[in-house]
Amino acid sequence: MKHDVVVVGSGVAGYPAAIMLARRGLKVAVVEEHYLGGECTNYGCVPSKAFYHVAEAARTVRKVGGSAELPWESIVEWSNSMVEAARQGIEYLFESYGVKVYNGKGVIKEGKRVKVENVEIEAEKVLLALGTDPRPLPGLEFDGKLVVSNREIFQMRERPGSLAILGGGVIGVEVANALVNLGVEVTVVERSNQILPFLDSDVAQAIRGHLKRRGVNVLEGVEIAGVERGESGVRLKLSDGKETAVDKVLVAVGRVPKTSSVNLENVGVELDSAGFVKVSPRLETSVPGIYAAGDVVGGPLLAHKAMVESMIASKNIVGEEAHNIDYRLVPLTIFTGLEVAYVGYTEKELSRLGIKYVRYKVPLNFLSAVKIKDGSYSFIKMLVSEDSSRVYGVHIVAPNASEVISAFIPVVIGKMMFEDVSQLPYPHLTVGEALREIALLMLGEPVHILVRK
C-alpha cells in the first residue's frame, strides 16, 4: 500500500498535519493504535475539562445555598459524549479529505515503511506523532482499579469516597480541584517542597491556599514509604511517619515518550537520554524524510504546542515556508477554578539565567468579575526588563486565566506597548480588565490600585 505521507498517531500532533496535507492533494494515511484523537481527546483535555465544567457548576450552586448532588454515572456518560463528539469530528474530517485510517500499532521499517498488523505502508514522508504514556511509580504500578492514571480516572463507574493523588503537578491539581467539588475526599502528595514545583512560589502558594479552601488535603515535601493494597482500597505509608487509607490512588508523576517497541532505533531515528525524539528546527528527525511533532519530541507537553508543531511539520513536509515555533510564547494553563496561566519566563528561570528584571504584581480581588467567581488569592504578575522595553513573563492567577492569557501575547512579543494597552476598552465585567490595570500601574497612573505618595 503506497501513500505520500504516513502519520503515526491521530492526536493533536497528528490529525492537523494529516488534514492539511490531504487538503493539498497528497495521499495520506494515519495509523492509530487506540482511538482517533489520541491522549488529549480521549483521556486528557476533553474529559478533564468536561468534569471541570460540571464540578465548577456544582460548586457555584452550593455557594448560594443550593443543592448539587449529581449522579456520578451521569457525569461520566456526559463526559464520554463530549469525547465521542470530538472523536467523530476528526473521523468526519478524515473521511471528507480522503485520509485513510489504519487501526493498530505502527512499527517503523527501513525505507519509510510503516507496518500495521499485517499491512505494510510505503510512503515518501513519515510524521511521528506518537505521544506519551503515564509514568508508572515503582510499587504503585497501574492496575486500572485501585491504582489508576489519567486514562481511568474519568471513566470510573462509581464515585470514590476518597482519593490520593501522587504528584502535585498540572494533572494532580486539576483532578484534585474537580473531584473535591464533586464530593470526593482528596489528598495530594507532592515530594517537592511545593506543589507545581516548576512555578514560582507565589503562584504555587496561591493554588495551595485555593485547594485547601476547597477541602483538599495538600501534603508537600512528602514521599511514599510503603504501600498496602487491599481488596477495596490502598493504605499508603508516608515518609513523615503518617499513614493514609484511600479507596483509590491516582499516580500523576509525569509522562514517558511512546518511543519503545516501534523500531525507531533500528531505522536510525535518534532519541535523547529521556527517550524523546530528537528533531531539527524543521521538526525533521535524524532520518531525512521522517518528521516528529508533539509530546514525543519533548518540550512543554501541551496540546496547543503539539497542534502548532503539527501544522509546521506539514508545511515542511511539502516544502512550503514554515515559521519556527517560539516555545517561550506557548502559554501554560492550569484549570483549577482559580486558574493559572503564564507565558514567558518565571522568576526562577530569570534568576538562574542571571537576567535582571523588575516585578510588577497586582492583586485582582478588586475586580468584580474575580469576586463573583470566588477568586481569592488572585493576582497578575508581570516581569519586565529594567527599562520596561521588554516583557519577560506574564503570570495570571485568577478565574478564567486560561482565556485571558492570550490577550497578553501581543505585549510579550512587542506588538503592543503599555500605553496602547492602557487605552483599550476591555469589556466590563471581565477578568481581562486586569491587563489594562497593570499597564496603568506600570505607567504610574493606576485607577483601582492605591499608590501612596
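The values are calculated or read from the model by the stated rules, or taken from the named source; none is laboratory data. This is a predicted model, so every value here is computed, not measured. Positions of Cβ are backbone-derived with ideal geometry, glycine not excepted, and every protein chain shown enters the neighbour counts. Remember, those area values only see protein heavy atoms, side chains included, never the ligands or the DNA or RNA. Shrake-Rupley method; radii C 1.70, N 1.55, O 1.52, S 1.80 Å.
Measuring r between the beta carbons of TYR360 and SER261 and using R0 = 60 Å, the FRET efficiency lands at 0.75.
A straight line joining the Cα centroids of the range 51-99 and the range 398-453 runs 32 Å. Size of the chain from its Cα atoms: along the principal axes, largest to smallest, the extents are 73, 59, 41 Å.
Taking all protein chains into account, the per residue accessible area for the range 325-390 stands at 46 Å² (1.4 Å probe). Helix content alone sets the calculated 222 nm mean residue ellipticity of the chain: runs of n ≥ 4 DSSP H residues at -39500 (n - 2.57) each, divided across all residues, give -9000 deg cm²/dmol.
Placing R0 at 25 angstrom, the Cβ-Cβ distance between LYS415 and HIS323 gives a FRET efficiency of 0.95 after rounding to 0.05.
Surface composition of the chain: carbon and sulfur atoms hold 50% of the protein heavy-atom accessible area at a 1.4 Å probe.
Take the range 1-158 with all the other protein chains still there, run a 1.4 Å probe, and you get 46 Å² of accessible area per residue. When you work out D = kT/(6 pi eta Rh) for the range 286-374 at 4 °C and 1.567 mPa s, using the Kirkwood radius from C-alpha pairs as Rh and the Stokes-Einstein form, the result is 79 µm²/s. Identify the residues of the range 12-39 with backbone N under 14 Å of a label point that sits 7 angstrom from the Cα of GLN88 along the Cα-to-Cβ direction, or state none. Output list for this probe position: empty. Solvent-accessible surface of the range 171-312, averaged per residue with a 1.4 angstrom probe and all protein chains in place: 41 square angstrom. Once both labels are positioned 7 Å from their Cα atoms along Cα-to-Cβ, the gap between ARG352 and GLU110 label points is 4.2 nm. Using the Karplus relation 6.51 cos²θ - 1.76 cosθ + 1.60 with θ = phi - 60°, the per-residue 3J(HN,Hα) values for the range 311-320 come to 5, 5, 4, 4, 5, 5, 4, 9, x, 7 Hz, with x marking Gly and Pro. Computed over the range 1-78, the alpha-carbon pair-distance distribution with 10 angstrom bins reads 17, 31, 20, 17, 11, 4, 0, each value a whole percent. Kirkwood radius and radius of gyration were both taken over the C-alpha atoms of the range 170-256, and their ratio Rg/Rh is 0.96. Centre-to-centre separation between the Cα atoms of the range 1-27 and those of the range 242-270: 26 Å.
Between LEU271 and LYS278, the built amide H atoms are under 5 Å apart, and every one of these is 5 or more places off in sequence or on another chain. If you take every residue apart from VAL46 with its C-beta less than 11 Å away from the C-beta of VAL46, what net charge results, scoring Lys and Arg +1 and Asp and Glu -1? Residues near VAL46 contribute 0 overall.
Kirkwood radius and radius of gyration were both taken over the C-alpha atoms of the range 46-186, and their ratio Rg/Rh is 1.08. Beta bridges from DSSP with both residues in the chain: antiparallel share about 60 percent, rounded to the nearest 5. Normalised by the number of residues in the chain, the average gap of Cα pairs under 8 Å and 6 or more apart makes the relative contact order 14 percent. Rounded to the nearest 20 debye, the dipole size of the chain about its Cα centre is 640 debye, using +1 on the Cβ of Lys and Arg and -1 on the Cβ of Asp and Glu.
Phi angles across the range 258-264 convert, under the Karplus curve 6.51 cos²θ - 1.76 cosθ + 1.60 with θ = phi - 60°, into 3J(HN,Hα) values of 8, 10, 8, 6, 10, 6, 4 Hz, Gly and Pro given as x. If you take every residue apart from VAL12 with its C-beta less than 10 Å away from the C-beta of VAL12, what net charge results, scoring Lys and Arg +1 and Asp and Glu -1? It works out to a net charge of -2.
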